[in-house]
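The values are calculated or read from the model by the stated rules, or taken from the named source; none is laboratory data. No experiment lies behind these values; they were computed from the predicted model shown. Cβ placement follows ideal geometry from the backbone for every residue including glycine, while neighbour counts extend to all protein chains displayed. Keep in mind that these areas ignore ligands, DNA and RNA; they rest on the heavy atoms of the full protein, side chains included. Shrake-Rupley method; radii C 1.70, N 1.55, O 1.52, S 1.80 Å.
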Amino acid sequence: MVREFFISLYLFCFKMLFNLFNFFPMKNKVVFVITFGDNSRFIYDELKRQTIPAEVVVLYKGTSNKQFQSCEGLLLIPFETANIACMIRSIYHLATCRFVLVDNYFGFLSVTNFKPNVECIQLWHASGAIKKFGFVDESIKYRSAKSQKRFSEVYKRFNKVIVGSDMMAQFFREAFNLPEECILRVGIPRTDFFFDERKKKKAITKLHSENAALREKKKILYAPTYRDGELDHFNLQLDVQKMYQELGNEYVVLLRLHPAIENKTDYSALYPDFLFDYSSQEYFINELLLIADYLITDYSSIPYDYSLLNKPMIFFAYDLESYKVNRGLWEQYEATLPGPVAKDTDEVIRAIKRSDSNLEEISKYSNVWNRYSDGHSSKKLVEYMFGKKK
């Protein structure tokens, strides 16, 4: 109840300021609102490559600004912080821009009546979906009627949602209750990385130069999703000591936690020379996927991107039954994955030793989920936005 009060108060203030700034003239301006930033950075680079004469502003949450640290002269503003000046500046830019590009759910959209020519494009932060979200998320039934109405108002603001596959288009239509004309089949901008040999070579060289172990041994990337109750304390379920005993001569483990998790435990110190924590946002997930020989995940969307590399993956779903009930999964989980499902560390180790993954199935999986992600997704989106190829 208290939380809902403060949300309502925040949105009321946001709406008043937005309506005031809405009287200002619209500018040829693109505003990114990000919590992840990877898709946004590729679009920004493409805007520069095409020399689009538009002002660009990035409103960022958390450490997502790290995606733009090398961009000189770019206006970066912390978003939804206690800084009143930053809040006012953010709302001004949102009220006077031509395009708003968001990569997550943002409650402020529920109270923003954009000018008729403004387009809000949902970039999202996942190429596909295993766990349910939006209106079909099982947990939404526990939210208040006021919250559910707010969700609906946010989803109505999405003029377009980009997708990399027809399957994801279907999920978005259901999750956000959107019509077909809101779907933009241009592919996922960050996947352009996997088609750029120069960027890939640069990333591999950088990671190898920083850590000799990455050159000397095979790499297992463990990238779990977050679970309710783990945002401020991650509970590592993988038995790293057992992994070390069984696989330590040949492999090292790279840990990549979800960006929303504020982990306090230094796992690298607990397992030196075997486990390396790459959860910091200064390391981009695509770069880690590139060097990984194996991916271990659960209900994350990372496998969709990783399948472009056609490398083996294991799904460590130790809490599968409870997760189905509490969060919900889109499809029959075990029947649709391109790799073995493991319920404990012993099963993970056996799958790695036996090389259980079927690369042909991974290729088919990628063809379904990455149909429109062809290395030109950023280019196609920018051309859509600025009228070169409507």
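Summary of computed values
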quantity	calculated
Those residues of segment 179-207 which are in contact (Cβ under 8 Å) with a residue 12 or more places away in the chain, of a type outside the set (A, V, I, L, M, F, W, C) and part of a helix (DSSP H, G or I), in sequence order	189, 190, 191, 192, 200, 206
Some residue of segment 379-389 being among the hydrophobic types (A, V, I, L, M, F, W, C), open to solvent by less than 50 Å² (accessible area, probe 1.4 Å), farther than 22 Å from residue 117 by Cα and touching a residue at least 24 places away in the same chain (Cβ under 8 Å)	no
Evaluation of residue 339 against (1) under 21 Å from residue 165 (Cβ atoms); (2) open to solvent by 60 Å² or more (accessible area, probe 1.4 Å); (3) not aliphatic (A, V, I, L, M) (one fails), failing number	(2)
Some residue of segment 251-272 being β-branched (Val, Ile, Thr) and in contact with a Lys or Arg (Cβ under 6 Å, 6 or more places away or on another chain)	yes
Flag for residue 261 being closer than 16 Å to residue 237 by Cα and surrounded by fewer than 19 Cβ atoms within 10 Å (Cβ to Cβ)	yes
Extreme residue, nearest to residue 46 (Cα to Cα), among residues of segment 331-342 that are over 23 Å from the mean Cα position of the chain (by Cα) and in contact (Cβ under 8 Å) with a residue 24 or more places away in the chain	340
Options 307, 280, 300; residue that is open to solvent by less than 40 Å² (accessible area, probe 1.4 Å) and modelled with pLDDT under 95	300
Qualifying residue in segment 245-253 (condition: assigned to a loop (DSSP other than H, G, I, E, B), open to solvent by less than 20 Å² (accessible area, probe 1.4 Å), without any contact (Cβ under 8 Å) to a residue 60 or more places away in the chain and of a type in the set (A, V, I, L, M, F, W, C))	no
Residues of segment 110-123 that turn out to be crowded, with 22+ Cβ neighbours inside 10 Å and outside any strand (DSSP E or B), as a count	2
Residues of segment 178-213 classified as over 21 Å from the mean Cα position of the chain (by Cα), surrounded by fewer than 18 Cβ atoms within 10 Å (Cβ to Cβ) and not small (Gly, Ala, Ser), total	13
Count of residues meeting criterion [modelled with pLDDT under 95 and either part of a helix (DSSP H, G or I) or basic (Lys, Arg) (or both)] in segment 218-234	1
Residue check, residue 320 modelled with pLDDT under 95, among the aliphatic types (A, V, I, L, M) and buried (at least 21 other Cβ atoms within 10 Å of the Cβ)	no
Flag for residue 326 being among the polar types (S, T, N, Q), open to solvent by 70 Å² or more (accessible area, probe 1.4 Å) and under 26 Å from residue 191 (Cβ atoms)	no
Considering residues of segment 127-143 that are aliphatic (A, V, I, L, M) and crowded, with 21+ Cβ neighbours inside 10 Å only, the residue nearest to residue 336 (Cα to Cα)	130
Residues being open to solvent by 70 Å² or more (accessible area, probe 1.4 Å) and either in contact (Cβ under 8 Å) with a residue 12 or more places away in the chain or at positive phi (or both) - total across segment 343-373	9
Condition check for residue 266: of a type outside the set (Ser, Thr, Tyr), without any contact (Cβ under 8 Å) to a residue 40 or more places away in the chain, surrounded by fewer than 17 Cβ atoms within 10 Å (Cβ to Cβ) and over 18 Å from residue 218 (Cα atoms)	yes
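Table: residues versus (1) within 21 Å of the chain's Cα centre (by Cα); (2) open to solvent by less than 50 Å² (accessible area, probe 1.4 Å); (3) closer than 20 Å to residue 304 by Cβ; (4) aromatic (Phe, Trp, Tyr).
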residue: 145; (1), (2), (3), (4): no, no, no, no
residue: 155; (1), (2), (3), (4): yes, yes, no, yes
residue: 159; (1), (2), (3), (4): yes, no, no, no
residue: 174; (1), (2), (3), (4): yes, no, yes, no
